[in-house]
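Written below as structure tokens is the structure these notes are about.
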Amino acid sequence: MDAAQKLDELRKAGAFGSSKPGTTKRQKQDPKSKGEMRSLEIFTSLPVEIFLEILSQVTPPDLVNLSQLSKKFRDLLLSLSCSSLWRAARQTIGVDKLGTNDVSDMQLITFFYDNKCQECGAANVPKADFTLRLKLCRRCREQEWIKPWNLPKGLHSKTSQCLPRTSYTAANWNKPGKSRGWVSITRAIQISDILKRLDSNDLRKDFVSSRRDYCQKVYQDSAILHSLANTSEYSTKAFRADEKTALAQRSRKRAEDIKQKCLDLGYQKHEFNRSFSTSSVVNKPELLTEQIWTNIKASVIRTLEKDRAAETIAVQQQTMRENQLQLRDAHDKLCTEAKSPETFIIFGDFVFLNNVRPFWENGPQFSSEEWEAKLSVIEGEIDNHAAARRIFAIRSILAATTGTPLQEIDDNPASYPKESFDDDFFEKLSSHLFCSLPSCCSRSEHNRRFHVAGKCEKGCRTIAFATLPALLRHHQDVHSKD
């Protein structure tokens, strides 16, 4: 197995973490991920030469992620044998040897590609301050940054002369200030302790002189490093953008390859776009191979067939609705001629009457002679529907007021004479009903047309709650166009 194949195995096992370098949010590990972590231990047992050859193929951000994977990997990458990897990574970003030796190659690469705060571990830190050699979030910067004249009392008097000063303020990383006026309070305390431990003035003078030279070199290095960090080629933001672009290109290439294979199977372009516009099966950043296509072919075809069947059903329903609307004028005419237009059957129920259904099931066109021949039968069916509607309302009221299941209540019309179940019966408060048509209430909540209940609300809409005649008028006013 060559180094490239080993590198692919590392990537599949998640050795390089997130696609975004420096992600710090901890996620709960499941047993599967723990097994993958154990499988990574195989690579640490490889000979050093082979392991270094594998890691020489990775990018600097991947090295940063790998160093944060586990303590074993970090110890390995901090070893002397891996120093060449970090040196090569430093040269990759265009940095030659620095004027100072207080920052290792690994620290420098981490400054560029890790977005964590060194102090608290917070994510999304925009950039490092290469003058102070720190990468902190805003909260930690506000605690660490201090003006030289505001240093705590008790520090050595020459402390401020030994500290590099940054022009980036604690609150703003976008633009440097006009002058170098901020120092690190932690470094100030360390330098002050060193100055206090020196016995003679000559030693202190030599130390201050060396620190001044160090500051000048730091300023030269930081100018180069800040410039590199701000260029689009080497900044973390640009790297992520390039990485995201590369992933998007691979996803598009995979989607085009799968689309072509679907077209070869006889499916249409619009069918593929409808079924897989946002599908993770198609839009993965993994190029399509014959093996992958063999694995996903059955799932892709199943999805296409399912959506094709759904489209066929939708077309049929649309055609059915258009045919039904051809009967709107006939319904409206019957409603106008009825004795009680306000309680007349609504159009949604009218089209499903047994003698009306054939007029739209057989096609949109029918002759007036055919309609006239069936008109008397249809009118009788409308009267039967009104009677059945009344009986169902009475049974619903009795079921709610007596506690008897609806199925056990007699549905024979002779059991409910109009003398006993007259207008006074429906005017009782316990006989009020509320509308459960789809426009007022979802079908999943109620599977019966009439229910006895108090004032019910769905969102901001109040459901109609009234007597049976008032509820039928509500159907005409609100649901006549359904």
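The values are calculated or read from the model by the stated rules, or taken from the named source; none is laboratory data. Keep in mind that this is a model prediction, so the values were computed, not measured. All Cβ positions, even for glycine, are placed from backbone atoms using ideal geometry, and neighbour counts span all protein chains on display. What goes into the accessible areas is simple: the full protein's heavy atoms, side chains included, and nothing from ligands, DNA or RNA. Shrake-Rupley method; radii C 1.70, N 1.55, O 1.52, S 1.80 Å.
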In segment 99-212, carbon and sulfur make up what percent of the accessible area (probe 1.4 Å)?
47
Compute, for GLU361, the solvent-accessible surface of its heavy atoms (probe 1.4 Å) with the complete set of protein chains present, and express it in square angstrom to the nearest 10.
100
May I ask you to compute the full-extension gain from GLN91 to ALA248, defined as 0.36 nm times their residue separation minus their alpha-carbon distance, rounded to one decimal in nm?
53.7 nm
Please list THR110, THR131 in order of solvent-accessible area, largest first, computed with a 1.4 Å probe with all protein chains present.
THR110, THR131
Taking only the alpha carbons of segment 238-344, what extent do you get along each of the three principal axes, in Å, biggest first?
76, 37, 18
Label-point gap, in nm, between ASP257 and LEU203 - each point 7 angstrom along Cα→Cβ
6.9
Give a quick list of chymotrypsin sites (Phe, Trp or Tyr not before Pro) in segment 347-423 that DSSP marks as loop, anything other than H, G, I, E or B, with at most 13 other Cβ atoms within 10 Å.
PHE352
Obtain the nm distance between the two label points defined at LEU78 and GLU419 by a simple spin-label model: each point lies 7 Å from its Cα along the Cα-to-C-beta direction.
10.1
For SER157 and GLU53 in the same chain, what is the full-extension length gain: residue separation times 0.36 nm, less their Cα-Cα distance, in nm?
32.3 nm
Roll a 1.4 Å probe over the protein chains and send me the accessible area per residue for segment 258-363 in Å².
60
How much FRET efficiency would the formula 1/(1 + (r/R0)^6) give for ASP332 and THR294, where r is the Cβ-Cβ distance and R0 is 56 Å, rounded to 0.05?
0.40
Efficiency by 1/(1 + (r/R0)^6): what FRET value for ALA223 and THR278, r their Cβ-Cβ distance, R0 = 41 Å, to the nearest 0.05?
0.35
